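Here, each number is a calculation from the coordinates, and none is a lab measurement. The structure displayed is predicted, hence computed values, not measured ones. A quick note on method: Cβ atoms are made from the backbone with ideal geometry, for glycine too, and the neighbour counts reach across all protein chains shown.
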Amino acid sequence: MGGFPKYDGYQGIWFTLGQFSEYGDKYSGGLGTYTAKHVPLAIYASEVNRTFFVYGGANSGERHLLALAAYYDHERGVVPRPTIVHDKGGVDDPHDNPSLALDESGHLWVFVSGRGQRRPGFKYRSLEPYSVDNFELISEEEMTYPQPWWIKGKGFLHLFTKYTGVRELYWNRSDDGLTWTPHQKLAGMGGHYQTSRQLGERVITAFNAHPDGDVDLRTNLYYAETS
């Protein structure tokens, strides 16, 4: 097997939302690691002394999104050519960037974000431990802003967003990443943005609220954690 295709270099995707006001563009620029709601993006594996990472790339001068995976070899001080895990097929929007997880057997999981109900998300698993050469597609489903957390001895907790009317927060879990529980709603109070972290066996999340579903009206701060 020749492996998944490689990408020539580390060009991240550039993007503009195209929403202008008297103050300029709402946001634009190099957004290969966009958004703050795509986490984790990098994970250190002490077993092989490498930091694995994912990002959204594009060919030079183009805005054709590629979900890329690579690593930094701390012993040698080098990086390989990144692997194209998923070609978004003409999508030019970094909202579809990937997130990363690493299970206790060393397999890498790349969760490629979708965008609402218009574009699906994808879950990939590396065929070999601590390797970005080959992946298998596990699922295609509705998920935006993927935040997968592998808890040793327990499996996955995945926090994500679905556009069920507005931006609502959901979660589900899996013992092995192959079979998942149904999506469960975490919050649906007009819309939310969240970011989460793992602390040992706990996962914590913080999120805001969007009054009347208006994404530009952001208020309150909510906190939740696993028990």
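Provide the gained length on full extension for the span H74 to W14, in nm with one decimal, where the gain is 0.36 nm per separating residue minus the Cα-Cα distance.
Taking 0.36 nm per residue and subtracting the Cα distance, the gain is 18.8 nm.
Among all the lysines, which ones have a C-alpha under 16 Å from K162's C-alpha, if same-chain residues fewer than 8 places away are not counted?
Excluding near neighbours in sequence, the set is K37, K123, K185.
Let me know the whole percent of all Cα-Cα pairs from region 14-225 that are separated by more than 29 Å. Show your work: numbers first, answer last.
Values: 5420 of 22366 pairs.
Everything past 29 Å amounts to 24 percent.
Take each of the peptides 29-41, 173-185, average the number of other beta-carbon atoms within 10 Å over its residues, and list them starting from the highest.
On the way: 29-41: 17.7, 173-185: 12.8.
Those peptides, ordered most packed to least, come out 29-41, 173-185.
Could you please state, rounded to a whole Å, how far the C-alpha centre of region 1-33 is from the C-alpha centre of region 147-166?
24
Which Rg and Dmax, in Å, describe the Cα atoms of region 28-114?
13.1, 39
Modelling each spin label as a point 7 Å along the Cα-to-Cβ direction, I'd like the T179/R63 distance in nm, to one decimal.
4.4
Please work out the C-alpha center-to-center distance from region 185-227 to region 56-89 and express it in whole Å.
Value for the Cα centre distance between the two parts: 30 Å.
Can you tell me the FRET efficiency between S105 and A224 if r is taken as the Cβ-Cβ distance and R0 is 25 Å, rounded to the nearest 0.05?
Numbers: r = 29 Å, r/R0 = 1.15.
That gives a FRET efficiency of 0.30.
For the residue pair R202 and Y130, what label-to-label distance in nm results when each label sits 7 Å from Cα along the Cα-to-beta-carbon direction?
For R202 paired with Y130, the spin-label model returns 3.1 nm.
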